[in-house]
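Since the structure comes first, as C-alpha cells, the remarks are kept for the end.
Please treat every number below as a calculation from the coordinates, not as lab data. Since this is a predicted model, take the numbers as computed values, not measurements. Using ideal geometry, Cβ is built from the backbone for each residue, glycine included, and neighbour counts are taken over all protein chains shown.
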Amino acid sequence: MSSLRANQALVAPEIVIDGRLALFHERERWLAIADLHFGYELSQRAAGWLVPMWGMQSIAERLLQLLDEYHPSRLIILGDLVHDQTAAAAALELLRRTREVCETIVVAGNHDRKLRGSIEMVESWKTEQFHFHHGDCLAEPGDRIQIIGHYHPAQTIADGAGLRLKCPAFVQQAGCWIMPAFSPWASGTKWTSDEESRIWLCTPERVLPLPKSEVARV
C-alpha cells in the first residue's frame, strides 16, 4: 500500500493489520479473520437470555466493508465461524455473500463441529510462508509461520487518570501470529507475553503497537 491509515499497520513486509480485526497480504491478496462466533445472540436467546440482536449485523457489515475496500482474491476464516449450530442458516447466508466477492475458505474451529456436514470446511490451509489453522489443537512446528485464532487476545491501556480501555490485540511471536476475535461479543483474554512478542492493539480508528517495555510489565 502506498500509504497507511491510522487504523492500519505494517506488521511484516506486504502484510497489514487492520484495526477492524483483519490481516491482509498485499501481494498474495488474502484477507484473514478469526472467531466470528456468528449468531451468538441467537444462541443466547435460544437459552432464554434476551440479548440484543445487533452482533450479526455488525459482523456482516464490517466484513463486507473490508472485502469492498481490500478486494482480496481469498477470504480465510480461521475457525469459530459460528457460536453454535443455532446460527447455521444465518452463517450460510453470510458465506453466500462473501463468496459473491471472493473465494472463501472456512477453517474448522472448536465451535464449528456440528456444522461440518452442512458447511464446507478444512482443518487447515497453507501457503508457501504461512500455516493457517484455528489454534485449538497443536500443530507440528515447521518452516511456516502459524496464523491462528481461538485465544481472543486483548490488552488494557490506561491514561494515568484512572481510565482503562480493553482492546482486542494482534500478537506476533517468532513462529506464531494470533488473531484478535472478529466478534464484538468476544471481550478478549488478557494476553500475558514476553519481551520477544509484539502486540498490536486494535480499534476501528487506530492500531497501536504496545511498546515491549510495557509488554514486559503487564
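Indicate, rounded to the nearest 5 percent, the antiparallel portion of the DSSP beta bridges found entirely in the range 118-181.
Working: 9 of 15 bridges.
The antiparallel proportion sits near 60 percent.
Please work out the FRET efficiency for the pair residue 164 and residue 113, using the Cβ-Cβ distance as r and a Förster radius of 41 Å; give the result to the nearest 0.05. Don't skip to the answer; put the middle values down first.
Working: r = 36 Å, r/R0 = 0.87.
Working from the Cβ atoms, E equals 0.70.
Students often check this: by mean Cβ neighbours within 10 Å, which of 21-34, 102-115, 123-136 ranks highest, and how do the rest follow?
On the way: 21-34: 21.2, 102-115: 19.0, 123-136: 17.4.
With the highest mean Cβ count within 10 Å placed first, the list reads 21-34, 102-115, 123-136.
Would you mind telling me the antiparallel percentage of the DSSP bridges in the range 8-217, rounded to 5?
Values: 27 of 46 bridges.
Antiparallel: roughly 60 percent of the beta bridges in the range 8-217.
Please compute the modelled spin-label separation between residue 46 and residue 3, points set 7 Å along Cα→Cβ, answer in nm with one decimal.
4.8 nm
Which option, (1) 0.99; (2) 1.41; (3) 1.07, is the value of Cα Rg over 2.2 N^0.38 Å that was calculated from these coordinates?
(1)
Starting from the Cα coordinates of the range 114-218, work out the convex hull volume and express it per residue in Å³. Mind showing how you got there, number by number?
Working: hull volume 14.3 nm³, N = 105.
About 136 Å³ per residue, rounded to a whole number.
Where the only charges are on Cβ atoms (+1 Lys, Arg; -1 Asp, Glu), what is the dipole of the range 8-217 about its Cα centre, to the nearest 20 debye? Write down the numbers at each step before the final one.
Values: 21 positive and 27 negative charges, 78 e Å.
Computed about the Cα centre, the dipole is about 380 debye.
Enumerate the amide H contacts of residue 176 below 5 Å, restricted to partners 5 or more residues apart or on another chain; note that Pro and chain-start residues carry no placed amide H.
Here the answer is 146, since their amide H atoms fall under 5 Å of that of residue 176.
In nm, give the distance between the simple-model label positions of residue 129 and residue 93, each being 7 Å from the Cα along the Cα-to-Cβ direction.
That separation, rounded to one decimal, is 3.8 nm.
Enter the Cα centre distance for the pair the range 119-167 and the range 54-73, rounded to the nearest angstrom.
Comparing the Cα centres of the range 119-167 and the range 54-73, I get a distance of 19 Å.
Using amide H atoms built 1.01 Å from N in the peptide plane, name the residues 5+ places from residue 35, or on other chains, whose amide H lies under 5 Å from its own.
Here the answer is 78, 79, 150, 182, since their amide H atoms fall under 5 Å of that of residue 35.
Which of 75, 109, 95 sits farthest toward the positive end of the charge dipole of the range 67-117, with +1 on the Cβ of Lys and Arg and -1 on the Cβ of Asp and Glu?
Going by the charge dipole, the pick is 109.
Restricting to lysines 8 or more places apart or on different chains, can you count the pairs in the chain with Cα atoms under 26 Å from each other?
Within the chain, the lysine pair count is 4.
Does a label point 7 Å from the Cα of residue 14, set along Cα-to-beta-carbon, have any residues of the range 115-153 with amide nitrogen under 11 Å, and which are they?
Output list for this probe position: 128-129.
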